[in-house]
1. Which of the numbered conditions does ALA262 fail, given that it passes all the others? Conditions: (1) open to solvent by less than 10 Å² (accessible area, probe 1.4 Å); (2) touching a residue at least 40 places away in the same chain (Cβ under 8 Å); (3) farther than 26 Å from PRO18 by Cβ.
2. Would it be correct to say that GLY205 is surrounded by 23 or more Cβ atoms within 10 Å (Cβ to Cβ) and closer than 23 Å to PHE266 by Cβ?
3. What number of residues within segment 213-235 satisfy the criterion of being of a type in the set (Phe, Trp, Tyr) and either assigned to a strand (DSSP E or B) or within 16 Å of the chain's Cα centre (by Cα) (or both)?
4. Collect the residues in segment 236-248 that are open to solvent by less than 30 Å² (accessible area, probe 1.4 Å), at pLDDT 95 or above, in a loop (DSSP other than H, G, I, E, B) and not hydrophobic (A, V, I, L, M, F, W, C), keeping them in residue-number order.
5. Would you mention how many residues in segment 71-86 are surrounded by fewer than 17 Cβ atoms within 10 Å (Cβ to Cβ) and either under 23 Å from VAL128 (Cα atoms) or out of contact with any Lys or Arg (no Cβ under 8 Å at 6 or more places or on another chain) (or both)?
6. Scanning for something more than 24 Å from VAL318 (Cβ to Cβ) and aliphatic (A, V, I, L, M), does segment 110-130 turn up at least one residue?
7. Quick test of your reading of the structure: GLY232 fulfils all but one of (1) touching a Lys or Arg at 6+ places or on another chain (Cβ under 9 Å); (2) touching a residue at least 12 places away in the same chain (Cβ under 8 Å); (3) open to solvent by 10 Å² or more (accessible area, probe 1.4 Å). Name the failing condition by number.
8. Every residue in segment 299-320 that is outside any loop (DSSP other than H, G, I, E, B), open to solvent by 50 Å² or more (accessible area, probe 1.4 Å) and within 27 Å of GLN88 (Cα to Cα), please.
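The values are calculated or read from the model by the stated rules, or taken from the named source; none is laboratory data. As the structure is a prediction and not an experimental result, all values here were calculated from the model. Note that each Cβ is placed from the backbone with ideal geometry, even for glycine, and that neighbours are counted across all protein chains shown. Side chains included, ligands, DNA and RNA excluded: accessible areas come from the protein's heavy atoms. Shrake-Rupley method; radii C 1.70, N 1.55, O 1.52, S 1.80 Å.
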Amino acid sequence: MPIRFPKKRRRNIVRQAPDDDAPVPLRHSTRVRLRPRSDWHKRNFLTSVLIPSLFVKRSGEYVPPQFPKIREGEICITWIGHASFLIQTHEVNILIDPIWSKWLKVVKRLKQPGFEIHHLPSIDFVLVTHAHFDHLDRRTLRRVAANQPIVVPTGVGNLVHDLGFHIVHELDYWQTVELGPLKISLTPCHHWGARFLADLHRDFGGFVIASNGRTIFHCGDTAYFPGFKEIGERFSVDLALLPIGAYEAPTGREVHMNPEEAVTAFLELRAKTLIPMHYGTFPLGFEPLYEPPQRLLAAARAHGVEEKVLMMTEGKPVVL
């Protein structure tokens, strides 16, 4: 059903009708409350993290990527940085949560994207997990938009409908849209989707992408929650892209998984490969930028799954 907006320039935004047989979405039970922890003021994020980061030189360098030829049944994954990924099959190119911006308002990007945006191949589909500035970057999306479809959670469509996309698909939890050879489903997570404080109508989630018998799960942003087991029961996940950073939030709230929880989530998903993300790019928590991968590998080693962890380098494609 197309949803109308008062702006003169309208885009076709499609929201799927609810399935009467589907379970009731867990939207409210998975939304993190905005109230900070009572002791959040004991550490000063501004003076201990943000201000020092302004004097840190950005690491990394732009290197033109060498995208390989992909055979049928193969998946090529390129980590751009933070939660941004380029996923390629032999038929299509998918971009998830793209952000090439150097700043999140006052937060400085400390690691360059893996390559410059003009090195991207032609993008067939774009997915955005939620409306936070480090995942929905309108400036980047405007440059990526080339009259292709974009998929977002319910309530996020009006943030992207005017950027140049042909159609905007809004999904609720467990809903699926078929785009060419892909089946894309929105899954629950434990986070929140407000772009501004009073902006609580926007939903959030992760994406399961199924293509040619292979399944990729991009978790979006989330704290640990019991829903990973159900996701693993509903989908046979090959590659799990899980966040491991920003777990020491300035507000003291539990809004992101720590590395040990990411390993637990991976085990509950029953996935074959864990690809960590959401670390080392923006200083969003009190933890040092180098700490998350060290803790992740230690936790994976303790659970006997270290060989299933694929640590990626920004801008370097990996064929799986």
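1. (2)
2. When the stated conditions are applied, GLY205 passes them.
3. 3
4. ASP238
5. Count: 3.
6. Checked against the condition, which is being more than 24 Å from VAL318 (Cβ to Cβ) and aliphatic (A, V, I, L, M), segment 110-130 yields no hits at all.
7. Unmet for GLY232, out of (1) touching a Lys or Arg at 6+ places or on another chain (Cβ under 9 Å); (2) touching a residue at least 12 places away in the same chain (Cβ under 8 Å); (3) open to solvent by 10 Å² or more (accessible area, probe 1.4 Å): (3).
8. GLU306, GLU307, LYS308, VAL319
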